[in-house]
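The values are calculated or read from the model by the stated rules, or taken from the named source; none is laboratory data. If you're wondering where the values come from, they're calculated on a predicted model, not measured in any experiment. Note: ideal-geometry Cβ built from the backbone for every residue, glycine included; neighbour counts use all protein chains shown. Ligands, DNA and RNA are excluded from the accessible area calculation, which covers all protein heavy atoms including side chains. Shrake-Rupley method; radii C 1.70, N 1.55, O 1.52, S 1.80 Å.
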Amino acid sequence: MKNKTGRRSFLKHLGLGGTAAAIFPVDLLHAETNHKTENASENFNDNKSAKRKYNSAYTHEYLNRVAFPMGGMGAGMICLEGTGTISHVSIKNKPDVFNEPGMFAAIVVKGIANGAKLLEGPVPDWKKFGRQNAANGSEGSTTGLPHFRGASFLARFPFGYIDIADNDLPLKIKITGWSPFIPTDDDNSSLPVAGVEYHFVNTGTAKLDAIFSFNTKNFVKIDDGRNSISPTKNGFVISEEGTKEKPMRTDMAFFTDDDATAVDHCWFRGGWWDPLTMAWNAVKNAEIKTVGPVDANAPGASLYVPFSLAAGKEKTIRVMMAWFTPDSEQTYGDMGKRKEHCDPESGCCNSPSDISLDKYDKDFNGKFYKPWYSSRFANINDLITYWLQQYDDLRKKSMLFKDAFYASTLPPEAMEAIASNLSILKSPTVMRQYDGRLWSFEGCGDNWGCCHGSCTHVWNYAQAIPHLFPALERSLRNTEFCESQSEEGHQNFRATLPIEPATHDFHSAADGQLGGIMKVYREWRISGDTEWLKKIFPMVKASMDYCIRTWDPRGKGAIEEPHHNTYDIEFWGADGMHTSFYIGALNAIIAMGNIWAKIFLHIKTLQCSEKN
């Protein structure tokens, strides 16, 4: 039966805030097992040359470049690849898109030849040769270990589903990767966490005994640092405290909710590839190692979950991941000076906190970027507790969004495009500083953010955040019209990080600044928060006055003076693109101004009534 749950139902059940109590219909809670499109399919033997249909499962060569981001907005990212590999591990407040650190799940079924395999599909050919260190044996790579022969991946943002199969094993296996994504619930959608669930069904005729394991190198350790692998309930935490000169701590936890879990806190300590080899030997030989923590320099760790399955029975093992890197050396842009004698009522604002404009702004004045989650949680243990306690509830609410979104009747091409672009919100492109305010790059390089500052003429075109997380989007407007705007109304189109008053020694971007005026109108229409509009409007008027004075000084109604723009050049003379922005901004400010006229008229009417 077709799932008819739509956007209205989603909003109704979720409530006005993401933390509001919700009623979850049974058909929604079980949609991922009952809904036909949630099956990543078993088309492993289909025609390999067949063209993939939009918004359908990825198989064969279409799996080669699939990487599904998991993590919170501004919280870092790990990716679940289409084959089940975990990669792009970027948990240190910056991108690290080629970081595939030798982290893997595995299964061994006792008494079966070739019964031990990584829980991953075939390795794409491009990974086997020509990658970094490949000529020296690709130290730490799992490429040569046994993999499943078939895999299929289905994206249903924020969930990714993988089916893997192999004739050697009487198992039907589905992998589900996800992280919380709950519109209007900014904070739970910004958690540095991910869940990967491994679901097993015994398709044979006899009972089987198996051991699931999750294994990883201690990839956070650095040269001359202080590293460790410590216990947590049903799992372990890999840690690096940094050096004496740079005490930058990073922790990443791996744990389950299964009390049968056993943990090896320290792989065999040897040279070359010995630690990984011995870890794989333990998997292959169906051994469960329970080695306690050591003081330092443990090469890696494993957790094991033994289980038995009668014919036709099933079991799900959840691997929960959480990471915590509270500090960084990230700072961008030239810091300006606080504006003197600044009067918000006259169109000048140093900080949103001056006029209680932004619930997130707390005048954070750290020298370097600190992620929002480090203000919410004291340490990795705090985060582990919260993730474990809230896992089911956050999963249900994220599932509710997924079901409402994919109930759309939009063409599959559009659905795939929208979902793919939504995944950017889970990438290191997006950052959220200590006080909760949003700040973003234009995109990601291999290990750096590319083009800083929530660039106004780039983020002009983003529509997801204002509709799904409107308070976060308003924080961008607040930065633009306070810290990034001068007394004269000039806007620096790149905000600093941490967010501080900007400099004003370069052109304003015409498309970015005019677009910001339209976006203020949009934010007010979405939120209905007239008090917010009342507070920010004087700065919006100052911005509009600057635009007219600078680019249309003769009042022709067209942008004609030289104007910088998203092409990183100056246009000379009138053009349709920027005049369209100009007309849009003029209409927006007229519409906003009419609100004040109506409010003023209403007040005057009340005053007259009182006198009469």
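Structure summary
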read-out	value
Tally, over the range 353-374, of residues that are aromatic (Phe, Trp, Tyr) and within 16 Å of Arg474 (Cα to Cα)	1
Candidate set from the range 442-486 (those that are acidic (Asp, Glu) and modelled with pLDDT of 95 or more); member that is most open to solvent (accessible area, probe 1.4 Å)	Glu442
Meets criteria (open to solvent by less than 10 Å² (accessible area, probe 1.4 Å) and under 21 Å from Pro69 (Cβ atoms)) for Ser398	yes
Test: residue in the range 204-215 that is of a type in the set (D, E, K, R), more than 25 Å from Ala155 (Cα to Cα), within 22 Å of the chain's Cα centre (by Cα) and open to solvent by 10 Å² or more (accessible area, probe 1.4 Å)	no
Answer residue from the range 252-280, given it is charged (D, E, K, R) and over 29 Å from the mean Cα position of the chain (by Cα) and is farthest from Asp382 (Cα to Cα) among those	Asp274
Candidates Thr385, Thr316, Thr409, filtered to the one that is of a type in the set (Val, Ile, Thr), open to solvent by 50 Å² or more (accessible area, probe 1.4 Å), farther than 22 Å from Gly242 by Cα and in a loop (DSSP other than H, G, I, E, B)	Thr409
Residue check for Pro293: in contact (Cβ under 8 Å) with a residue 24 or more places away in the chain, surrounded by 15 or more Cβ atoms within 10 Å (Cβ to Cβ) and farther than 30 Å from Lys94 by Cα	no
Tally of residues being within 17 Å of Ile78 (Cβ to Cβ) and assigned to a strand (DSSP E or B) across the range 144-160	4
Qualifying residue in the range 449-458 (condition: of a type in the set (A, V, I, L, M, F, W, C) and within 21 Å of Leu357 (Cβ to Cβ))	no
Which listed residue is at positive phi and touching a residue at least 12 places away in the same chain (Cβ under 8 Å), from Gly242, Gly204, Gly195	Gly242
The range 572-583: number of residues that are in contact (Cβ under 8 Å) with a residue 12 or more places away in the chain and over 34 Å from the mean Cα position of the chain (by Cα)	5
Tally, over the range 92-137, of residues that are surrounded by fewer than 14 Cβ atoms within 10 Å (Cβ to Cβ) and at positive phi	5
Evaluation of Lys556 against (1) touching a residue at least 40 places away in the same chain (Cβ under 8 Å); (2) in a loop (DSSP other than H, G, I, E, B); (3) open to solvent by 50 Å² or more (accessible area, probe 1.4 Å) (one fails), failing number	(1)
Whichever residue in the range 472-489 is in contact (Cβ under 8 Å) with a residue 60 or more places away in the chain and within 21 Å of Glu442 (Cβ to Cβ) and, among such residues, is nearest to the chain's Cα centre (by Cα)	Leu472
Options Glu81, Glu61; residue that is among the acidic types (Asp, Glu) and either surrounded by fewer than 23 Cβ atoms within 10 Å (Cβ to Cβ) or at pLDDT below 95 (or both)	Glu61
Residues of the range 487-497 satisfying the condition of being open to solvent by 40 Å² or more (accessible area, probe 1.4 Å) and either in contact with a strand residue (DSSP E or B) (Cβ under 8 Å, 6 or more places away or on another chain) or not acidic (Asp, Glu) (or both)	Arg494
Residues located in the range 50-69, provided they are under 12 Å from Ala155 (Cβ atoms) and touching a residue at least 24 places away in the same chain (Cβ under 8 Å)	Tyr54, Asn55, Ser56, Ala57, Tyr58, Leu63, Val66, Phe68, Pro69
Condition broken by Ala322, with the remaining ones in (1) touching a Leu at 6+ places or on another chain (Cβ under 6 Å); (2) within 30 Å of Asn133 (Cα to Cα); (3) part of a loop (DSSP other than H, G, I, E, B) satisfied	(3)
Residue list for the range 508-528, filter: at pLDDT 95 or above and in a loop (DSSP other than H, G, I, E, B)	Ser508
Residues located in the range 167-177, provided they are in a loop (DSSP other than H, G, I, E, B) and either touching a helix residue (DSSP H, G or I) at 6+ places or on another chain (Cβ under 9 Å) or surrounded by 21 or more Cβ atoms within 10 Å (Cβ to Cβ) (or both)	Leu169
Cβ pairs under 8 Å, 6+ apart, first in the range 217-238 and at positive phi, second open to solvent by 40 Å² or more (accessible area, probe 1.4 Å) and not basic (Lys, Arg)	Asn234/Asp257; Asn234/Asp259
Condition check for Pro180: on the phi < 0 side of the Ramachandran plot, open to solvent by 10 Å² or more (accessible area, probe 1.4 Å) and part of a loop (DSSP other than H, G, I, E, B)	no
Residues located in the range 559-574, provided they are out of contact with any Ser or Thr (no Cβ under 8 Å at 6 or more places or on another chain), open to solvent by 30 Å² or more (accessible area, probe 1.4 Å) and either closer than 24 Å to Cys482 by Cα or part of a loop (DSSP other than H, G, I, E, B) (or both)	Glu560, Pro562, Thr566, Tyr567, Asp568, Ile569, Trp572, Ala574
Breaking point among (1) open to solvent by less than 60 Å² (accessible area, probe 1.4 Å); (2) of a type in the set (Gly, Ala, Ser); (3) out of contact with any helix residue (DSSP H, G or I) (no Cβ under 9 Å at 6 or more places or on another chain); (4) free of Cβ contacts under 8 Å to residues at least 60 places away in the same chain, for Ala378	(1)
Strands (runs of 3 or more DSSP E) within the range 193-294 that include 1 or more residues of a type outside the set (Gly, Ala, Ser) and within 30 Å of Met73 (Cβ to Cβ)	193-202, 208-217, 227-232, 235-240, 250-255
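Residues are listed down the side, and each one gets a yes or a no for (1) open to solvent by less than 60 Å² (accessible area, probe 1.4 Å); (2) among the acidic types (Asp, Glu); (3) within 24 Å of Asp568 (Cα to Cα):
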{"position": "Ile499", "(1), (2), (3)": "yes, no, yes"}
{"position": "His507", "(1), (2), (3)": "no, no, yes"}
{"position": "Asp511", "(1), (2), (3)": "yes, yes, yes"}
{"position": "Ile517", "(1), (2), (3)": "yes, no, yes"}
{"position": "Trp524", "(1), (2), (3)": "yes, no, no"}
{"position": "Lys534", "(1), (2), (3)": "no, no, no"}
{"position": "Met544", "(1), (2), (3)": "yes, no, yes"}
{"position": "Cys547", "(1), (2), (3)": "yes, no, yes"}
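For (1) assigned to a loop (DSSP other than H, G, I, E, B); (2) modelled with pLDDT of 90 or more; (3) surrounded by 14 or more Cβ atoms within 10 Å (Cβ to Cβ), each residue gets a yes or a no:
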| position | (1), (2), (3) |
| --- | --- |
| Asp327 | yes, yes, yes |
| Glu345 | no, yes, no |
| Asp358 | yes, no, yes |
| Asp363 | yes, no, no |
